[in-house]
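Worksheet: the structure to be examined is printed underneath.
The values are calculated or read from the model by the stated rules, or taken from the named source; none is laboratory data. Remember, it's a predicted structure, so these values are computed and weren't measured experimentally. With ideal geometry, Cβ positions are generated from the backbone for all residues, glycine too; neighbour counts draw on all protein chains shown. Side chains included, ligands, DNA and RNA excluded: accessible areas come from the protein's heavy atoms. Shrake-Rupley method; radii C 1.70, N 1.55, O 1.52, S 1.80 Å.
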Amino acid sequence: MNRIITLILALAVVIMAVVISVVEKSNSRGGGSSARGYRLVDVEPESVSAVTMRGGDLRVVMQRANESWFFTEPVEERISSVAMASLLDQLGQMLVLDRLDPEELVGEMAIDKLGLSHEEALELEFALPDGETATIALGNTTPAGGSVYARRLDGKKSGQVLIVDGDPYETLNAPYDRLRETRLVSLPVDRVTQIAMKTASTEMVLGRSQTRSDWLIQAPIAATADQKSIEELISSLLNLQILDAEDETDGSAAFQLPNEIPEGSALFQFAVAGLKKPIVLYLETIEKDDFGPPKLRARISDRLGSYWLHSDIIVELPDSPSQLRDRKLFSIPEQVLEQVVIFDIEGGRPSRSFVSLEANRNAQGLANWTVTQLDLKSVPANYVRLQALTERVAKPVVLKFIENGNLSDYGIFPDGYGVSFMFAIPGAEQPDGTIGPTQRGDRALRLGWAEKDGVRRLYGNIKGQDTILELDPTLENLLPKHPLKWRSLNIVSVNQVHAKSLEQSVKSREPIKLVYDKDRAIWSRQRQAGIEYSDNVDPIAVEQLASRLCSLRADGWLLQSGKAYAALAEPDATFTLVSRELDRATNQPIEVTRELKFARASETGNRFVFGQLDDNPDVFYIPDEQFRELIRPVTSSMAR
């Protein structure tokens, strides 16, 4: 039995030895897995600084400069960084599928038949760090397709004939067409410091410093440019796409500028920080198209050859520098704004139409805005209205720029109507730790109305400038000339927990007086000697009334108060609010009583209700819906 087992084991060992011998022989002929899986050229795209292609009479050199790639032989031309990265990635990922033994390279499988002879192969040499190189030769595509014959021309595996995955010939057979940068203009936008533009009808220069990103119009006028318009212009230039190109490598067509820019052409000159010479772009219309953008011919100084493209860029260029001007008036940060004055000068003196808004800032720099009334008393200002004005002048409000105009022809006079913004910029910290002097300044806008082309228009002029501005006429809606229109609309601002009592007296209804228990945070009806009341106060209705009254806000103030006084002599409702508040003068708690009278405005169809606080002569108004909420019954029997 033991002999039989021994014989079986010996037979198994022999069979395994035969199998191993066959597998090793198969592997030695290139059919095994040991020939598979490694890359033809083991390089990373980011480590390659140059690629040289050689084949027959062909020699193409591509070199990297920083993050950009360029053809340097036989022509100088930009390469698309995206296309080049894709090619390097494809070449670096070509995996070996099989290896052919030398004895197989005969007949139809001979080196020259596979396209791998020195005369027929396409050689690619990769320049690597530290002066090292890696070179491969690519031959014909395999009969099955999707792979090519290849050889390494250096290293331990030099000379081996391999079958590798992938077919890069679609790009390598036409490197200029496949790799050429199709964007006509490639600029490091962050380093462009000047753009000069010239057409048949206009010429202008835009500039900025490297430390300041805002663009300025430098010629033929000096003005702030509209940043969005400049960004759109640069974007249009960067998006110009080449459709076709004519290489001119013999130098016979050197870049030359015309003496005069003809109609339908445009010349651009870009100054770039770090470049000694500017980049010059010339565009000319070759053929107009009734159904699409015209065909343009382009020449650019950092590329050889002429290029053709379709674009509307020439017809969309501004006709004058004014079209690129900033259409905002000025932007002053609220934290440095000190005073806003709306003036209307008559005979050299401010008229009654004079508004002065002032910021009273606390230690933290927060502003409490006040407006000076006609009686020279300062009252809280309408901050919402002020904010609307400062935001509006910081937005595009200029409709048209008029150069060399006569101010009086546009209703603008040195002593006239306008608005001035005064500001104070805190001094910067000095090297010795002290704070430098505060910088004070102002921005004044004079305004006027004039009829032009049969239309009454609003015009303006910024102090210190010559340009006349046609403005959005709705701007005047934000510049009421009477100080009362700038008064705060907050009539009562009392924290409800500080309320003590509240009395509601509505015409044809029994007055109700309520007291507030701040410890229990509830309202109750005040008891009077000899009169018995049931506990019929509706707590929700009372809470709502107290909340509305303690934060009462008006819709506006009346300038003509005669009819309002007559109506308020017999009010429809009166409210008396007593609260405990801190006297700012003595820093002691005091009791403050406010009386509010309301009367419906019959001339408005009762849509609005007049209101008056205490003995203040100024009359405000609120919507009738708001008034009805104030006079809503607050007892349970009446509220239901």
On a full-extension model of 0.36 nm per residue, what is the gain between GLU603 and ASP415, subtracting their alpha-carbon distance, rounded to one decimal in nm? 63.8 nm
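Solvent-accessible area per residue for the range 167-305 at a 1.4 Å probe radius, Å²? Working shown, then result.
Details: 7790 Å² over 139 residues.
Computed with neighbouring chains in place, this is 56 Å² per residue.
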Multiply the residue separation of THR211 and ASN404 by 0.36 nm, subtract the distance between their alpha-carbon atoms, and state the gained length in nm to one decimal. 66.2 nm
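Starting from the exponent 0.38 and prefactor 2.2 Å, build the expected Rg for the range 304-444 from its residue count and divide its actual Cα Rg by it.
1.51
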Rounded to the nearest 0.05, what FRET efficiency do GLU76 and GLU203 give with R0 = 25 Å and r taken as the Cβ-Cβ distance? Could you check? 0.25
Given the convex hull over the Cα atoms of the range 394-532, what projected area results after averaging over all orientations, in nm²? 20.1
Keeping every protein chain present and rolling a 1.4 Å probe, give me the accessible area per residue for the range 31-129 in Å². 51
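Over the range 107-245, consider all pairs of different Cα atoms and compute the Kirkwood hydrodynamic radius from their mean reciprocal separation; express it in Å, one decimal. Show your work: numbers first, answer last.
On the way: mean 1/r = 0.0499 Å⁻¹.
Taking every pair of different Cα atoms in the range 107-245, averaging 1/r and inverting gives 20.0 Å.
Over all distinct Cα pairs, what is the inverse of the mean 1/r for the range 57-97, reported as the Kirkwood hydrodynamic radius in Å? Before the final figure, lay out the partial values.
Numbers: mean 1/r = 0.0881 Å⁻¹.
That comes to 11.3 Å for the range 57-97.
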In the chain, taking the dipole from +1 charges on Lys and Arg beta carbons and -1 charges on Asp and Glu beta carbons about the Cα centre, the listed residue (LEU105, HIS310, PHE270) farthest towards the positive end is PHE270
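Could you put TYR282, TYR383 in order of accessible surface area, largest first, with the 1.4 Å probe and the full protein assembly present? Show your work: numbers first, answer last.
Values: TYR282 20, TYR383 90 Å².
Putting TYR282, TYR383 in descending order of accessible area: TYR383, TYR282.
Over the range 317-456, with the other protein chains present, what is the accessible area per residue in square angstrom, probe 1.4 angstrom?
On the way: 8060 Å² over 140 residues.
In whole numbers, the range 317-456 has 58 Å² accessible per residue.
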Quick one: Debye curve from the C-alpha atoms of the chain, no solvent, what's log10 I(q)/I(0) at q = 0.06, 0.07, 0.11 Å⁻¹? -0.68, -0.77, -1.15
How much of the accessible area of the chain, in percent, comes from carbon and sulfur atoms when a 1.4 Å probe is used? 49
So if each residue of separation counts as 0.36 nm, and I subtract the Cα-Cα distance between LYS328 and ASN616, what length gain in nm does that give? 99.7 nm
Identify the trypsin sites (Lys or Arg not before Pro) of the range 365-426 meeting these criteria: DSSP loop state and at most 11 other C-beta atoms within 10 Å of the C-beta. LYS377
Could you tell me which residue out of ALA150, MET94, THR135 lies farthest along the dipole of the range 55-157 toward its positive end? Charges go on the beta carbon: Lys and Arg +1, Asp and Glu -1, centred on the Cα centre. MET94
State, to one decimal in nm, how far the label point of LYS395 lies from the label point of ASN259, with both points 7 Å from Cα in the Cβ direction. 5.2
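Show that you can apply the helix-only estimate: for the chain, add -39,500 (n - 2.57) for every DSSP H stretch of four or more residues, divide by all residues, and state [θ] at 222 nm to the nearest 500.
On the way: 10 runs with 101 residues, N = 640.
Counting only the DSSP helices, I get -4500 deg cm²/dmol.
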Along the Cα-to-C-beta direction of VAL497, a point sits 7 Å from the Cα; which residues of the range 548-588 have their amide N less than 18 Å from that point? 548, 550-551, 579-583
Around ALA200: net Lys/Arg minus Asp/Glu count, Cβ-Cβ under 12 Å: -4
Using a basic spin-label model with each label point 7 Å from the Cα along Cα→Cβ, how many nm lie between GLU629 and SER49? 7.5
So if R0 is 30 Å, what FRET efficiency would LYS507 and ILE590 give, r being the distance between their Cβ atoms, rounded to the nearest 0.05? 0.45
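Which whole-number value in Å³ per residue fits the convex hull of the alpha carbons of the range 104-149? Before the final figure, lay out each step's value.
Numbers: hull volume 4.0 nm³, N = 46.
Residue-normalised Cα hull volume stands at 88 Å³.
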Eigenvalues of the Cα gyration tensor times 5, then square-rooted: what semi-axes does that give for the range 149-189, in whole angstrom, largest first? 34, 14, 8
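Counting each pair of different Cα atoms once, what's the Kirkwood radius of the range 546-640 in Å, rounded to one decimal?
Values: mean 1/r = 0.0682 Å⁻¹.
Taking every pair of different Cα atoms in the range 546-640, averaging 1/r and inverting gives 14.7 Å.
Compute the normalised compactness of the range 352-402: alpha-carbon radius of gyration over 2.2 N^0.38 Å, N being the residue count. Mind dumping the intermediate values first?
On the way: Rg = 14.4 Å, N = 51, 2.2 N^0.38 = 9.8 Å.
Normalised Rg, Cα atoms only: 1.47.
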Of the peptides 179-191, 504-516, how do they stack up when ordered by the mean number of other Cβ atoms within 10 Å, highest first? 179-191, 504-516
Sticking with the crude label model, points 7 Å out along Cα→Cβ, report the distance from ASN360 to SER235 in nm, one decimal please. 4.7
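If r is the Cβ-Cβ distance from ASP57 to ASP165 and R0 is 35 Å, what FRET efficiency results, to the nearest 0.05? Before the final figure, lay out the partial values.
Values: r = 29 Å, r/R0 = 0.83.
Efficiency computed from Cβ-Cβ geometry: 0.75.
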Net charge around TYR410, counting only other residues with Cβ within less than 12 Å of its Cβ (Lys, Arg = +1; Asp, Glu = -1)? +2
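Would you tally the net charge around LEU577, using a Cβ to Cβ cut-off of less than 12 Å, leaving LEU577 out, and scoring K and R as +1, D and E as -1? Display every interim value, and only then the final one.
Numbers: positive: LYS500, LYS513, ARG548, ARG580, ARG594; negative: GLU503, GLU581, GLU591, GLU595, ASP614.
Combined, the nearby Lys, Arg, Asp and Glu give 0.
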